[in-house]
């Protein structure tokens, strides 16, 4: 069995990159790569929209991928950290609900997050305190949950003839 964190320094960066290409009415073909601390991928994904946005619903919409990513992230951390914390997992189910506010603005709309609820169902022979400690550790290790819990700066650029324009 390998040692947890084997081969990694005590502190490092984790970086992913995604290249998306519009293909179809609203379909997007996505290639995701892990860049750091080691290379993995590409992981091929697709997103599409239903008729509301003029798509064909040939793939999950981006919001479904987002909620799935959040759910999968916490589940992965619980399972990985259970081994490191000697917590027995007999069964794990996670139910995530994300709600956004949506408001029409003429022919467009604006959105804002309202709530993120994650219900964790763990069957374990271990004490409840030990399971709670596991969930708390997993929350701190879940990249997506940690991203959502902070104020972030998101930079957008547009390619122009003279280079890039910050938007």
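Quick note: the coordinates plus some simple rules give every number you see, no bench work behind them. Nothing here was measured: the structure is a model prediction, and the numbers come from that model. Please note: Cβ atoms are built from the backbone with ideal geometry, for glycine as well, and neighbour counts cover all protein chains shown.
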Work out, step by step, the length gained on full extension between residue 166 and residue 119: first 0.36 nm times the residue separation, then minus their alpha carbon distance; give nm to one decimal.
13.0 nm
Which of these values of log10 I(q)/I(0) by the Debye sum over Cα atoms at q = 0.12, 0.18 Å⁻¹ was calculated from the structure shown: (1) -0.48, -1.16; (2) -0.67, -1.14; (3) -0.77, -1.42?
(3)
In percent, what relative contact order does the chain have, based on Cα pairs under 8 Å that are 6 or more apart in sequence?
14 percent
For the stretch 97-167 and the stretch 56-72, what is the separation of their C-alpha centers, rounded to whole Å?
13 Å
Geometric extent, Cα atoms of the stretch 1-46 - Rg, Dmax (angstrom):
15.1, 48
Placing each pseudo-label 7 Å from Cα in the direction of the beta carbon, residue 100 and residue 14 end up separated by a distance in nanometres of 2.3 nm
Choice from 144, 118, 135 showing the highest fluctuation, given a GNM over the chain with Cα pairs closer than 10 Å
118
Output the relative contact order of the stretch 7-60, whole-number percent, from Cα pairs under 8 angstrom with separation of 6+ residues.
29 percent
Given the DSSP H assignment, sum -39500 (n - 2.57) over each helix run of at least 4 residues in the chain and divide by its residue total; what's the result at 222 nm in deg cm²/dmol, nearest 500?
-8500 deg cm²/dmol
Stokes-Einstein D in µm²/s, Kirkwood radius over Cα pairs - the stretch 61-151 at 25 °C with 0.890 mPa s viscosity
169 µm²/s
Its Cα gyration tensor gives the stretch 104-165 an equivalent ellipsoid whose semi-axes in whole Å, largest first, are 40, 18, 8
Spin-label pair residue 127/residue 52, simplified geometry with 7 Å Cα→Cβ offset, distance in nm:
4.7 nm
